[in-house]
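Input: a single structure, listed below in structure tokens.
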Amino acid sequence: MIDLTERYGPWAVVAGASTGLGAAFAEELARRGMNVVLLARRATLLEETAAGLRERHGVSVRPVTVDLASPDLWSVVSAATDDLEIGMLVYNAMYDPTGRFLEVPLAEHLKAVAVNCAAPTILAHELGRRMVDRGRGCVVLVSSMAALQGIKVFASYGAGKAYGLILGEGLWDELREQGVDALAYVVGATATPHYVEMQEAASGARPTEAQLAEVRRAGSEAVAAPRTPEQVAAALMPLLDRGPRGYSHPDDEARAEADARRPRREVVEAMGKMTSLVWG
């Protein structure tokens, strides 16, 4: 396993770090000895996460309250990190305007573009330049199984995650020549607070195992059941220097490889059946 501070440096930036998967990434990095900069817009949750990391792991934590869709994103992050050697960026934040594309206000789609496309571009570009100047570092762009095909109800979200997927792969090929690792990390269903909220909003109750099994059968037998954020964060660690792409679960990788051999229409229609079972 990689010694993160030795290979990359003492500090990591985690975007979207107040709860759920982002908080789990921060926890795993802190457990492995890295100091962390936490980026998120909810100050109270961010401070709670930061306090817990300090107490459990004895690392330095710098919480930065910032809206990742803001045009001032880089000026805020730059001011908060100029005195730090940032060795890693984990861009986990996302915005998901769930609903049929034309029924969702345009402003929501544009916010998704800002959070899912513009913000990771800004942070990867500016922090990546610092890493290249030092000759070491790692950029992780967290993508999704939704990025691998068009997907009803989540069309603009999937498109944004596809952008991150391709950007991460391209950065792997460019930055490795300069001593910097990069990875597009494809995450399947994960039992984050957001995931549970979406399920409850769709069905009025937490989904049963029978309902989840029905959803999986509609798409592919290889679709993995939801994993915990902690499992997904831990699964990232062995993949950091194995780009250009990694998956959070072997079953998701198997499904992606199988779907790549299927007719495109068949894959998209199968995903549409999955989303229709839950979100209509």
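The values are calculated or read from the model by the stated rules, or taken from the named source; none is laboratory data. Bear in mind that the values here come from a model prediction, so they are computed numbers and not experimental data. A quick note on method: Cβ atoms are made from the backbone with ideal geometry, for glycine too, and the neighbour counts reach across all protein chains shown.
Have a look at ALA147, ALA159 and point out the one that is of a type in the set (Gly, Ala, Ser) and buried (at least 20 other Cβ atoms within 10 Å of the Cβ).
On the way: ALA159 fails: buried (at least 20 other Cβ atoms within 10 Å of the Cβ).
Only one candidate passes the filter, namely ALA147.
Of the listed requirements (1) small (Gly, Ala, Ser); (2) outside any helix (DSSP H, G or I); (3) under 18 Å from ARG41 (Cα atoms), GLY150 misses just one: (3). Taking the conditions exactly as written (closer than 19 Å to ASN116 by Cβ and over 19 Å from the mean Cα position of the chain (by Cα)), does ASP72 satisfy them or not? Yes, satisfied. Checking each residue in the stretch 217-265 for being at pLDDT below 90 and over 14 Å from SER144 (Cα atoms) picks out ARG217, ALA218, GLY219, SER220, GLU221, ALA222, ALA225, THR228.
Pairs are defined by a Cβ separation below 7 Å, a sequence spacing of at least 6 or placement on different chains, a first member in the stretch 260-280 that is assigned to a helix (DSSP H, G or I), and a second member that is acidic (Asp, Glu) and surrounded by 17 or more Cβ atoms within 10 Å (Cβ to Cβ); the pairs so defined are VAL267/ASP259.
Residues considered: LEU123, LEU73. Of these, the only one that is buried (at least 21 other Cβ atoms within 10 Å of the Cβ) and either closer than 17 Å to VAL180 by Cβ or among the hydroxyl-bearing types (Ser, Thr, Tyr) (or both) is LEU123. Within the stretch 32-57, the set of residues being surrounded by 16 or more Cβ atoms within 10 Å (Cβ to Cβ) and in a helix (DSSP H, G or I) comprises LEU45, LEU46, THR49, ALA50, LEU53, HIS57.
Considering only residues in the stretch 8-22 that are closer than 16 Å to GLY58 by Cα and among the hydrophobic types (A, V, I, L, M, F, W, C), the one that is surrounded by the fewest Cβ atoms within 10 Å (Cβ to Cβ) turns out to be TRP11. Among residues that are among the hydrophobic types (A, V, I, L, M, F, W, C) and touching a helix residue (DSSP H, G or I) at 6+ places or on another chain (Cβ under 7 Å), ALA80 is not included.
In the set (1) under 18 Å from the mean Cα position of the chain (by Cα); (2) outside any loop (DSSP other than H, G, I, E, B); (3) touching a residue at least 40 places away in the same chain (Cβ under 8 Å), VAL77 fails one condition alone, (1). For the stretch 91-99, the condition of being crowded, with 17+ Cβ neighbours inside 10 Å, touching a residue at least 60 places away in the same chain (Cβ under 8 Å) and among the acidic types (Asp, Glu) holds for at least one residue.
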